[in-house]
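> Take this structure, written in structure tokens, and hold onto it; I'll ask about it next.
The values are calculated or read from the model by the stated rules, or taken from the named source; none is laboratory data. The structure presented is a predicted model; accordingly, all values stated were derived computationally and were not measured. Cβ atoms come from the backbone with ideal geometry, glycine included; neighbour counts cover every protein chain shown. In case anyone asks, the SASA skips ligands and DNA or RNA and just uses the protein heavy atoms, side chains included. Shrake-Rupley method; radii C 1.70, N 1.55, O 1.52, S 1.80 Å.
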Amino acid sequence: TLTYPSTKTLSASSPSIGAVQRAPVSVAPPCDCDAASQVDVAGYLKTYQAMNDNARIGLGTGRLNNYTGGTTLSLPCGRYYLDRIAGTGPLTLSIGGRVALFVGGDIALQDQLSVTLADGAELDLFIGGTLISSATLALGTPQTAARLRIYVGGSGTINLAGVTNLSGNLYAPRAELASSSDMTINGALFARRLNASARVTVRHDVAVLRAGVT
């Protein structure tokens, strides 16, 4: 039974609507949407821009700024900071331990991005701007969904033009997620708005609710 207010109009031909009734409708707001409850992505970025483990592995903050060709960045356990990620050629983030990667600006990709997690590895990816990709995204696997968490601090549009397979938690409370190709999410999605022109499949992994606590 579909309930809708007398002040609204309905135009539908779907046989799945068994019956309709007129009555007031009240929908409680989603949890954790107010600014005070949101993760302070900008605060994390400011802190770890100055305090990180880059020097330990010889990682410059511009390492993936305008990269070209097939590129793999292997990160052992630690906290790392990059100015931005942008370039051409397939990019792989190979995560070998518990890693936090802080990207001050945008992630803008023209070729495939892959995130692989070793046994027991986890990745918290903080993005100060937004994520733009015109190619395939292959982020994690369904078996590791609770161990990949992406936090987007910008208020612009996450624009995904290629096929997207995300196994993880995408947290973007201030951003619009726009997808023009098939998108599959194994894990969780928290965005201000979803604008999809192709198929979207979300399989919620309740383990995400307990992930990242430590």
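> Among the candidates 62, 70, 97, which residue alone is free of Cβ contacts under 8 Å to residues at least 40 places away in the same chain, within 18 Å of residue 133 (Cβ to Cβ) and not hydroxyl-bearing (Ser, Thr, Tyr)?
Answer to the selection: 70.
> So, of the residues in region 149-172 that are open to solvent by 20 Å² or more (accessible area, probe 1.4 Å) and part of a strand (DSSP E or B), which turns out to be farthest from residue 95 (Cα to Cα)?
Ranking the candidates gives 157 first.
> So residue 146 clears everything in (1) within 13 Å of the chain's Cα centre (by Cα); (2) part of a strand (DSSP E or B) except one condition, right? Which one?
Every condition holds for residue 146 apart from (2).
> Among the numbered conditions (1) touching a helix residue (DSSP H, G or I) at 6+ places or on another chain (Cβ under 9 Å); (2) open to solvent by 20 Å² or more (accessible area, probe 1.4 Å); (3) β-branched (Val, Ile, Thr), tell me where residue 103 comes up short.
If we test residue 103 against (1) touching a helix residue (DSSP H, G or I) at 6+ places or on another chain (Cβ under 9 Å); (2) open to solvent by 20 Å² or more (accessible area, probe 1.4 Å); (3) β-branched (Val, Ile, Thr), just (2) comes out false.
> I've got another one for you. In the list 91, 131, 125, which residue meets the criterion of being at pLDDT 95 or above, closer than 16 Å to residue 162 by Cα and under 14 Å from the mean Cα position of the chain (by Cα)?
131
> Restricting to region 91-108, name every residue that is in contact with an Asp or Glu (Cβ under 8 Å, 6 or more places away or on another chain) and closer than 13 Å to residue 41 by Cβ.
100, 101, 103, 104, 105
> Checking the conditions here, which among 49, 38 is surrounded by 10 or more Cβ atoms within 10 Å (Cβ to Cβ), at pLDDT below 95 and either in contact with a helix residue (DSSP H, G or I) (Cβ under 8 Å, 6 or more places away or on another chain) or among the polar types (S, T, N, Q) (or both)?
Unique residue meeting the criteria: 38.
> When you check residue 131 against the structure, is it farther than 20 Å from residue 154 by Cα and either without any contact (Cβ under 8 Å) to a residue 60 or more places away in the chain or aliphatic (A, V, I, L, M) (or both), yes or no?
The answer is no for residue 131.
> Do you know which residues across region 8-25 are assigned to a loop (DSSP other than H, G, I, E, B) and either modelled with pLDDT of 90 or more or surrounded by 10 or more Cβ atoms within 10 Å (Cβ to Cβ) (or both)?
Answer for region 8-25, where residues must be assigned to a loop (DSSP other than H, G, I, E, B) and either modelled with pLDDT of 90 or more or surrounded by 10 or more Cβ atoms within 10 Å (Cβ to Cβ) (or both): 17, 23, 24, 25.
> Under the condition of being small (Gly, Ala, Ser) and not in a loop (DSSP other than H, G, I, E, B), which residue from region 70-84 is most open to solvent (accessible area, probe 1.4 Å)?
Checked region 70-84; the qualifying residue most open to solvent (accessible area, probe 1.4 Å) is 74.
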